[in-house]
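Visitor: This is the structure, below, for whatever I ask next.
Nothing in this text is a laboratory measurement; each read-out follows from the coordinates by a stated rule. A quick note: this is a predicted structure, and the numbers were derived from the prediction, not measured. Cβ sites come from the backbone with ideal geometry, for glycine too, and all protein chains shown count toward neighbours.
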Amino acid sequence: MGQVAFINDKWHTIVEGETILEFVKRNHGKDRIPTLCDAPKLEPFGSCRVCSVEVALVKDGPTKTQASCHTPVIPNSYIYTDTDHIKKLRKNIIELVLTDHPMDCLQCEVNNNCELQSVAAKVGVRDVRYPQGKNHLDTPKDLSHPYMTSDFSKCINCFRCVRACDEIQGGLVLSMAGRGFDSHVVKSYENNFFESDCASCGACAQVCPTAAISDVFESKSINVDEKIRTVCSYCGVGCNLEVSVVSGKVKSIQAPINAEVNEGHLCLKGRYAFSFYDHQDRIKTPLIRRNGVLEPTTWKEAYDFITEKLTAIIQKNGPDAVAGVSSSRCTNEENYLMQKFMRAAIGTNNIDCCARVCHGPTAFGMQKAFGTGAATNSIEDIKLTDCIMVIGSNPTNAHPVTGAKIKQFAMKGKTTIVIDPRKTEIAKYATYHLQLRPGTNVALLNMILYYIITEGYVSKGFIKHRTEGYEEFSEKIKGIDIAEMEKITGVDRNLVREAALVFDKAPNAMLFHGLGVTEHSQGSHAVMLIADLAMITGNIGRRGVGVNPLRGQNNVQGAADMGCQPNMGAGYMSAYDPEINKHYEAFYERKIPTSYGYKIPEMFDAALDGKLKAMWIMGEDVVHTDPNTNKVIAALESLELLVVQELFLSETTKHATVVLPGASFLEKTGTFTNGERRIQQVNAVVEVLDGAKTDGQILVDMMNKMGYYQAPYQPKAVLREISKIVPFFSGVTWEGLGINGKQWPVKEDGLGTKILHTEKFEGGIRGKFNFYDFKETNEIVKNGKDFPYILTTNRGLEHYNSGTMTRRTDNVKILTEDHLKINPIDAEKFSIKDEDLVCVMSARGKVDMRASVSDEVKPGILSTTFHFPDVLLNLITGNEHDCEAMCPEYKVVAVNIRKSKGDNKKKLDKIALS
């Protein structure tokens with residue numbers, strides 16, 4: 001037996017490092033000791049003393065009153081939680097707290113969910129003996145923000161909001177001003193949420209015990225019908241949501257405290273941007289284009305029309321005249337059915353998904369190096385690492401909850417290396433920011449590897465026992481021209497050297513990368529060099545290390561896992577191997593093709609060449625999001641049939657033959673797989689909108705219409721089918737996933753896998769070193785002379801990709817349009833000021849957008865988002881793709897700029913929807 005302590009004279013075993021409060025909660029439940037300033041996920045603070053207990057070092061010895069929230073448990077001590085002295089003390093504290101809180105507050109009068117009132121009831125306070133304290137009546141309410149409000153007349157100075165902003169989000173927006181009796185909470189800008197640096201994560205509102213800060217649609221003040229747990233459908237972090245439902249409508253969303261992924265935290269989009277689900281723009285009936293106009297029709301007529309058209313096209317041209325694009329917004333079950341529809345019902349490998357336009361190079365590069373193309377570690381390993389390198393990602397905007405964890409790591413002074421052309425938020429706190437020219441990741445990574453090999457301490461044991469190809473690789477690295485690489489990247493070689501050697505010496509180092517690595521002509525090569533960097537330093541196969549791609553969309557990992565790619569079926573087994581094909585044929589009981597399948601860019605080329613006659617697109621707005629918009633439109637217009645499953649009319653539906661109304665994630669049951677391979681339950685919280693159908697139901701209906709029997713759509717049954725064909729899902733069951741899911745591979749006994757490659761790489765292979773020299777992208781080679789500026793793209797915190805969902809929420813009141821980031825030197829050269837209209841021109845066309853003058857980018861570099869269709873940025877992006885995975889090169893666009901003539905473009909509508 002380990003060390004013990006006594007709670008009210010009964011002994012219990014101590015867990016090393018726990019506080020008295022944690023010790024008592026673990027053994028006697030959370031309600032044994034009342035708390036007020038203490039909150040889950042916040043560091044112990046000890047300001048209110050409501051959690052006080054009496055502690056004696058020997059039985060019946062003298063006691064000392066201690067705040068249990070931050071006092072460590074002393075072995076063999078005696079803790080008394082409910083003595084008369086402690087009860088009297090707690091009651092007196094709450095009475096004093098209530099003197100500074102308006103007793104006529106609605107929360108205190110009628111709402112049993114008010115935490116302050118709940119604590120008051122626990123300690124026996126019904127009346128307050130003392131006169132009213134601070135005069136809060138003149139405190140103005142802050143109603144500036146669309147989602148959050150503050151009424152500091154209710155504030156009790158518990159510091160929870162300040163601590164949540166600092167410790168969870170790392171925002172430093174809230175603080176305390178004044179001293180003693182005059183102390184009060186202030187915001188970073190004139191006590192105004194909207195104008196402050198607030199990231200609108202809502203952490204402060206969730207922890208506030210009195211509604212001094214609250215959500216505008218606050219669920220604490222109403223009786224909700226039920227709270228349902230599901231998973232966010234924005235980025236690949238996979239945050240858990242607790243959705244409050246009232247009368248069949250979503251009232252509010254909060255973060256479950258017991259969620260392993262997000263640990264009681266959400267971002268602006270996950271917490272607040274949900275009102276799109278029942279927006280008036282939702283498509284509520286199928287549409288067929290007649291005489292150039294989309295007209296309402298019935299589901300039967302739509303299905304019959306599609307069946308007749310597809311059948312005729314296949315009979316005349318063969319099944320390879322049909323292609324499908326699946327969706328990373330949809331569930332694993334729906335993506336699995338989409339690829340099965342194409343392969344088993346249609347008979348083609350022409351199936352792809354948006355992983356192609358974001359993390360295709362990650363899958364290719366990591367598979368070549370490690371044998372599998374997924375994150376090696378878990379996000380929770382940030383707590384265990386000594387050094388973080390972030391390459392080509394702005395996680396505080398694109399993956400905000402994980403980004404907040406990385407930001408906290410950097411703010412604590414721990415070694416953080418950022419490789420990015422832009423001065424991102426994390427770069428401002430980083431130990432090193434290597435601000436390279438867009439498109440030169442390969443050159444810079446080779447520089448880092450050069451210094452580690454020539455001056456560092458390579459992990460000889462790991463290299464010898466776990467890898468192959470190192471000698472040839474190291475010789476090639478030693479042969480690079482450092483001076484030339486310095487010139488190409490624009491980064492001082494001494495800074496690169498210092499960062500490289502610090503990374504090399506770190507006991508544990510984690511690598512994170514995003515689309516700033518993959519969306520380049522050498523994206524796959526850069527991913528393989530990142531893998532080289534992990535292997536050469538031995539940072540694979542244990543906690544606190546690894547290569548961890550930050551996935552762009554909520555289920556981009558799952559869509560690829562399910563086989564939504566032409567060359568690999570469900571479970572990453574080759575779609576072209578005749579022997580593997582026998583496995584699929586036996587399972588699907590249908591002849592399955594082994595012929596070459598089109599990737600998304602090839603689909604557009606084939607359509608323009610007349611080889612592709614029909615496309616089925618599920619939940620993707622390819623006109624808005626794919627590069628070279630005019631080419632995409634021309635390809636879609638050349639089709640005989642374009643079927644689009646969507647929530648809203650989009651730039652793509654403008655060219656559709658048939659539009660089928662799908663369902664949002666809030667209306668679906670199934671699973672998503674996040675960026676750390678975690679398979680999680682998605683639960684429908686509301687009924688499917690009248691007139692629409694879940695995407696899975698649509699696919700099952702059409703599979704049967706096309707003559708392939710598929711059982712009635714039940715997501716849990718489809719998951720069972722998946723577990724029989726996808727090897728790393730073999731132990732997955734709906735019930736076994738529980739509330740926090742399982743990270744694949746999940747063994748047949750249900751055991752998940754937090755870390756890959758612990759003893760050997762997947763399939764028993766050795767890790768493979770791959771060298772690639774820098775090669776300038778053709779975009780610059782061909783167009784750089786006439787278009788000397790480089791435009792790179794990024795995401796804003798407030799919106800998501802094409803903004804189809806977020807622009808139909810109040811997020812559009814926070815970020816109203818796309819802006820062009822331009823360095824002050826370049827701005828002065830063209831007499832451009834903030835908010836001026838700038839014409840951005842490339843070899844493909846031009847767009848106009850508002851300027852934002854900023855030193856976030858270097859001279860010669862421009863940056864913008866792509867959320868709004870009134871700009872339609874992809875009119876100017878090009879045809880260059882990653883050399884291996886055909887991921888579009890969004891991050892390097894050769895452009896020129898000028899101030900728009902006379903600013904005669906109609907002012908952009910601040911709340912325009914597509």
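Visitor: If you take every DSSP beta bridge fully contained in segment 778-903, what fraction is antiparallel? Give it as a percent rounded to 5.
Guide: Of those bridges, close to 65 percent are antiparallel.
Visitor: How would you order 439-450, 624-635, 549-560 from highest to lowest mean count of nearby Cβ atoms within 10 Å?
Guide: Ranked by mean Cβ neighbours within 10 Å, highest first: 549-560, 439-450, 624-635.
Visitor: Another question about this same structure. Would you mind computing, in nm to one decimal, how far apart the modelled labels at residue 176 and residue 308 are, each placed 7 Å from Cα along Cα→Cβ?
Guide: Each label point is offset 7 Å from its Cα along the Cβ direction, giving 7.4 nm.
Visitor: Would you mind putting 765-777, 256-268 in packing order, based on average other-beta-carbon counts within 10 Å, highest first?
Guide: Output ranking for 765-777, 256-268: 256-268, 765-777.
Visitor: Moving on. Report the label-to-label distance for residue 56 and residue 141 in nanometres (one decimal), using points 7 Å from each Cα along the Cα→Cβ vector.
Guide: Going by the 7 Å Cα→Cβ label model, 5.2 nm.
Visitor: With a 10 Å Cβ neighbour count serving as the proxy for reagent exposure, in which order, fewest first, do 158, 564 appear?
Guide: Ordered by Cβ neighbours within 10 Å, fewest first: 158, 564.
Visitor: Now for a separate question. In nm, what is the difference between 0.36 nm times the number of residues separating residue 813 and residue 778 and their Cα-Cα distance?
Guide: So the extension gain works out to 8.7 nm.
Visitor: For the chain, report the % of Cα-Cα distances exceeding 50 Å.
Guide: More than 50 Å apart: 22 percent of the Cα pairs in the chain.
Visitor: Roughly how big is segment 360-549's charge dipole about its Cα centre, with Cβ charges of +1 (Lys, Arg) and -1 (Asp, Glu), in debye to the nearest 20?
Guide: That gives a dipole near 540 debye.
Visitor: Moving on. Counting only other residues whose beta carbon sits under 10 Å from that of residue 395, what net charge do I get with K and R as +1, D and E as -1?
Guide: Taking every other residue near residue 395 into account, the sum is +1.
Visitor: Expressed as an acute angle from 0 to 90° and rounded to the nearest 10, what is the orientation of the C-alpha long axis of helix 84-99 relative to the principal long axis of the chain?
Guide: 60 degrees
Visitor: What nm distance separates the two modelled labels at residue 130 and residue 15, each placed 7 Å from Cα along Cα→Cβ?
Guide: 3.5 nm
Visitor: Could you compute the FRET efficiency for residue 634 and residue 122, with r as their C-beta to C-beta distance and R0 at 51 Å, rounded to 0.05?
Guide: Once rounded, the FRET efficiency stands at 0.15.
Visitor: Next up: Give me the number: length gained by fully extending residue 84 to residue 257, i.e. 0.36 nm times residue separation minus the C-alpha to C-alpha distance, one decimal in nm.
Guide: Extra length available between residue 84 and residue 257 comes to 59.0 nm.
Visitor: Want the number for residue 74 to residue 317: 0.36 nm per residue separation, take away the alpha-carbon distance, what's left?
Guide: So the chain would gain 79.6 nm between residue 74 and residue 317.
Visitor: Using the Cβ atoms and a cut-off under 14 Å, what net charge is assigned to the surroundings of residue 657, where Lys and Arg are +1 and Asp and Glu are -1?
Guide: -2
Visitor: Grab the DSSP H runs of the chain that are 4 residues or longer, score each as -39,500 (n - 2.57), total them, divide by all residues and round the 222 nm result to the nearest 500 deg cm²/dmol.
Guide: Result for the chain, helices only: -8000 deg cm²/dmol.
Visitor: If we count other beta carbons within 10 Å of each Cβ, what is the order of 82, 561, fewest first?
Guide: Listing 82, 561 from fewest to most nearby Cβ atoms yields 82, 561.
Visitor: To continue, here is another question. Can you say what percent of the DSSP beta bridges in segment 4-82, counting only those with both residues inside, are antiparallel? Round to 5.
Guide: Here the antiparallel bridges make up roughly 85 percent for segment 4-82.
Visitor: Given the options 583, 183, 730, identify the residue whose Cα lies farthest towards the positive end of the charge dipole of the chain (+1 on Cβ of Lys, Arg; -1 on Cβ of Asp, Glu).
Guide: 183
Visitor: Just for the chain, what percent of DSSP beta bridges are antiparallel, to the closest 5?
Guide: The antiparallel proportion sits near 60 percent.
Visitor: What's the angle, to the nearest 10 degrees (0 to 90), between helix 523-536's Cα axis and the longest principal axis of the chain?
Guide: Taking Cα atoms only, the helix is inclined about 50 degrees.
Visitor: With unit charges on the beta carbons (Lys and Arg positive, Asp and Glu negative) and the dipole taken about the Cα centre of the chain, which residue among 250, 92, 688 sits farthest to the positive side?
Guide: So the residue we want is 92.
Visitor: Could you line up 411, 849, 510 from fewest to most neighbouring Cβ atoms inside 10 Å?
Guide: 411, 849, 510
Visitor: Placing +1 on the Cβ of each Lys and Arg and -1 on the Cβ of each Asp and Glu in the chain, which of 820, 809, 403 has its Cα farthest towards the positive end of the resulting dipole?
Guide: The residue sitting most towards the positive pole is 403.
Visitor: Charges only on Cβ, +1 for Lys and Arg, -1 for Asp and Glu: so what's the dipole of the chain about the Cα centre, in debye to the nearest 20?
Guide: For the chain, the charge dipole is close to 600 debye.
Visitor: Sorted by packing (mean other beta-carbon atoms within 10 Å per residue), highest first, where do 202-210, 89-97, 290-298 land?
Guide: Result, highest mean first: 202-210, 89-97, 290-298.
Visitor: If you put +1 on each Lys and Arg Cβ and -1 on each Asp and Glu Cβ, how big is the dipole of segment 4-82 around its Cα centre, in Debye rounded to 20?
Guide: 80 debye
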